[in-house]
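Quick notes on the structure that follows.
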Amino acid sequence: MAGAGAFGRFVLTALAALPDVELAAVAARSEASRAAALAAWRAAREGAGLPPGAPEAVDDAVALAQRPDLDAVLVATPPDLQPQVAGAAIAAGKALFLEKPGALAAEPLRELALRARSRGVVAALNFVMRASPLIACVRRWYRAGLLGLPERWHVENWAGGELPPDHWFWDRSRSGGVLIEHGVHFFDEAAWVLGGRPVRAWGADWPHPRHPDAAARALAAVEYAGELDGRPWHLAATFYHGFVRRRDEHQVRELGFTAGWLRIEDWIPRRLTGVLRVEPEAARALQEAAADLVRVEVRPLPDGRTWVEAAVAGGEATYREMIREGFVRLRRAAEGEGEPLAPLTAGVAALQVAEAASAGGWRAVDA
């Protein structure tokens, strides 16, 4: 593990439940971060009834990524450092699990993707939304033609923002800003579900109400285009992210299709509800399509429409499961079984949207 901040430690606690994973070493600049990461690993490992092993603590992430005794390198450094460490892992032939966004711009990540492909190295972004049962459920419904054509996609993310003023998240030279560091999750989610291409994007940001030097609120509008069964569509999507809440966070997605609407609650999707105008056989197909993902309740409404509802546990337990899914898929791909859940090329596409939206004014997305 390269990078042992709060999120890096969270990733370690997620992977600690995998019995055939051994942590070899943690790299971080500060001794306190290294010690905290190792303590988090030991506690999570012992909580899962598994031996913690004897992982080392080192200060050089690039040197760590080049060690010959490693099978995989997890990179959870701030975004400005990610390409250097990821590049070292790829050069050493290690499977790579890279925290989003992977770079501050699309081009460095594209170069990493090309180098990984040329060396036969399996590499993936930690785009956890692809591992959400509810997001995957919507993807299946849409691609099976059960929702009709997409008309609207909106994300509202009122998140906590009590990081200290000197945290790297507020420094654009290190994080890239809200849309690059965080927005890529949701740009990828929309493209993954709908299989559409971003055409152009617009964005703006505003300061934190208590830290005027920190751009903590951002809004992006993105036009997507695609087709379903030969029928073309255009979609107006908007994404708001505000890292300013002291408490009472609120996250919701509102998705509109020609068959009706869907609403998904929480940052880690917890509950899906919706009203659709579908035929009875299509209502049954909604349940069947999601049977191995989540239990879907379907019931007719008095006006002839259909109510749909599904839920998962949500919270940190589900978040950890989603991280594990991405890592397990990476391992399988490294062993020649299937593909990673989110290849680096998905991160390139999301960063292209984030770059266009961060440039100000309507900008074409460089596909």
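The values are calculated or read from the model by the stated rules, or taken from the named source; none is laboratory data. Here the structure is a predicted model, which is why all the values come from computation and not from measurement. Cβ: placed from backbone, ideal geometry, glycine included. Neighbour counts: every protein chain shown. The protein model used for the area step is the full one, side chains on, heavy atoms only, and it has no ligands, DNA or RNA in it. Shrake-Rupley method; radii C 1.70, N 1.55, O 1.52, S 1.80 Å.
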Item to check | Members of the range 216-235 found to be under 21 Å from the mean Cα position of the chain (by Cα) and among the small types (Gly, Ala, Ser), listed by number | outcome: Ala216, Ala218, Ala220, Ala221
Item to check | Test: residue in the range 131-152 that is within 18 Å of Phe7 (Cα to Cα) and either at pLDDT 95 or above or touching a Leu at 6+ places or on another chain (Cβ under 6 Å) (or both) | outcome: yes
Item to check | Single residue of the range 144-166 satisfying the filter (in a loop (DSSP other than H, G, I, E, B) and under 22 Å from the mean Cα position of the chain (by Cα)) that is surrounded by the fewest Cβ atoms within 10 Å (Cβ to Cβ) | outcome: Glu162
Item to check | Residue that is among the acidic types (Asp, Glu), assigned to a helix (DSSP H, G or I), modelled with pLDDT under 95 and closer than 24 Å to Val21 by Cα, where the choices are Glu316, Glu321 | outcome: Glu316
Item to check | From Glu335, Glu309, Glu325, Glu339, residue being open to solvent by 10 Å² or more (accessible area, probe 1.4 Å), out of contact with any Pro (no Cβ under 6 Å at 6 or more places or on another chain) and under 25 Å from Gly148 (Cα atoms) | outcome: Glu309
Checklist entry - Applying the selection to the range 49-75, what residues are among the hydrophobic types (A, V, I, L, M, F, W, C), surrounded by 12 or more Cβ atoms within 10 Å (Cβ to Cβ) and not in a helix (DSSP H, G or I)? => result Leu50, Ala57, Val58, Leu70, Ala72, Val73, Leu74, Val75
Checklist entry - Just for the range 9-48: of the residues that are over 20 Å from Ala89 (Cβ atoms) and of a type in the set (S, T, N, Q), which one is least open to solvent (accessible area, probe 1.4 Å)? => result Thr13
Item to check | Cβ-Cβ under 8 Å pairs, at least 6 apart or on other chains, the range 298-311 side at negative phi, far side exposed (fewer than 11 other Cβ atoms within 10 Å of the Cβ) | outcome: Thr306/Arg299; Trp307/Arg299
Next on the checklist: I'm trying to understand the selection: among the residues of the range 342-354, which are under 17 Å from Lys94 (Cβ atoms) and open to solvent by 10 Å² or more (accessible area, probe 1.4 Å)?
Outcome noted: Pro343
Item to check | Residue list for the range 190-204, filter: small (Gly, Ala, Ser) and open to solvent by 40 Å² or more (accessible area, probe 1.4 Å) | outcome: Gly195
Next on the checklist: I'd like the full set of residues that are open to solvent by 10 Å² or more (accessible area, probe 1.4 Å) and either assigned to a loop (DSSP other than H, G, I, E, B) or touching an Asp or Glu at 6+ places or on another chain (Cβ under 7 Å) (or both), limited to the range 99-129.
Outcome noted: Glu99, Lys100, Leu104, Ala105, Gly120, Val121, Val122
Next on the checklist: For a quick check of your reading of the model, give me the residue pairs whose first member lies in the range 259-277 and is touching a residue at least 12 places away in the same chain (Cβ under 8 Å) and aromatic (Phe, Trp, Tyr), whose second is in a strand (DSSP E or B) and surrounded by fewer than 22 Cβ atoms within 10 Å (Cβ to Cβ), with beta-carbon atoms closer than 6 Å and at least 6 apart or on different chains.
Outcome noted: Trp267/Gln251
Item to check | Residue list for the range 148-207, filter: of a type in the set (Asp, Glu) and touching a helix residue (DSSP H, G or I) at 6+ places or on another chain (Cβ under 8 Å) | outcome: Glu181, Asp188, Glu189, Asp205
Checklist entry - When the range 76-98 is examined, which residues are found to be of a type in the set (S, T, N, Q) and assigned to a helix (DSSP H, G or I)? => result Gln82, Gln84
